[in-house]
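One structure is given below, encoded as structure tokens.
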Amino acid sequence: MALRKKLDQARESLVLHWEQEIETEPVVQEKNDGESRGTWGEGFAGWWLSAPTSVKMALVQSARELVRARIAGMEGGEAGSMALDVLCPEFADQRLEKLCTGDVLPKLYVARIHQNEATRVHDLAYVRANVEGEATEDELQVTVDNRQLLVYTVLTDILIVFKHMAMGT
């Protein structure tokens, strides 16, 4: 039950940071050809679309390493740090360039905030496909909770690092 409380708090923190610092809705603009296209406006999402990929990758890596350092400081931290790589492959170096292309990351925020149940179903399918051996439904749910907690934490830390970067601190 304590894990569920941490998960709820992490999600609330993510929502708070996103809403306080970032425009959450794309701005629809009409183009000369008569078609409407969405843009992300100002803030993090707008910056994300125009920033060089190398800068975006460095931002995500910094946030990921902050999470990894916090995990390492906890009891069993080394195993927890490896769990970040296993449970959250979207933040791994091998997938970083894809995550930092276009509006993939802003869309990930929107999905995690506004489509919580759908992302949980996706996470459960991912965990079922990647857990070795026999696991009970309760064990799978705990692993999904841990995955979601890590994803929320990394996403929140990305926003925090971005804020500090934008403020020049």
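In segment 39-169, the portion of solvent-accessible area held by carbon and sulfur atoms comes to 58 percent [1.4 Å probe, whole percent, DNA, RNA and ligands not counted]. Distance between the 7 Å Cα→Cβ label points at Val104 and Ala72: 2.6 nm. The packing ranking of peptides 131-144, 92-105, highest mean first, is 92-105, 131-144, where packing means the average number of other beta carbon atoms within 10 angstrom of each residue. Compute the accessible area per residue over segment 83-137, keeping the other protein chains in place, probe 1.4 Å, unit Å². So segment 83-137 comes to 58 Å² accessible per residue, rounded to a whole number.
Cross-link reach is defined here as a Cα-Cα straight distance under 17 Å, omitting same-chain residues fewer than 8 places apart; for Lys56 the lysines meeting it are Lys98, Lys107, Lys163. Stretched out straight at 0.36 nm per residue, the stretch from Ala118 to Glu134 would grow longer than its current Cα-Cα span by 3.3 nm.
The values are calculated or read from the model by the stated rules, or taken from the named source; none is laboratory data. Bear in mind that the values here come from a model prediction, so they are computed numbers and not experimental data. Reconstructed Cβ throughout: ideal geometry from the backbone, glycine too, with neighbour counts over all protein chains shown. When the accessible area is computed, the model is the full protein with side chains, heavy atoms only, and any ligands, DNA or RNA have been set aside. Shrake-Rupley method; radii C 1.70, N 1.55, O 1.52, S 1.80 Å.
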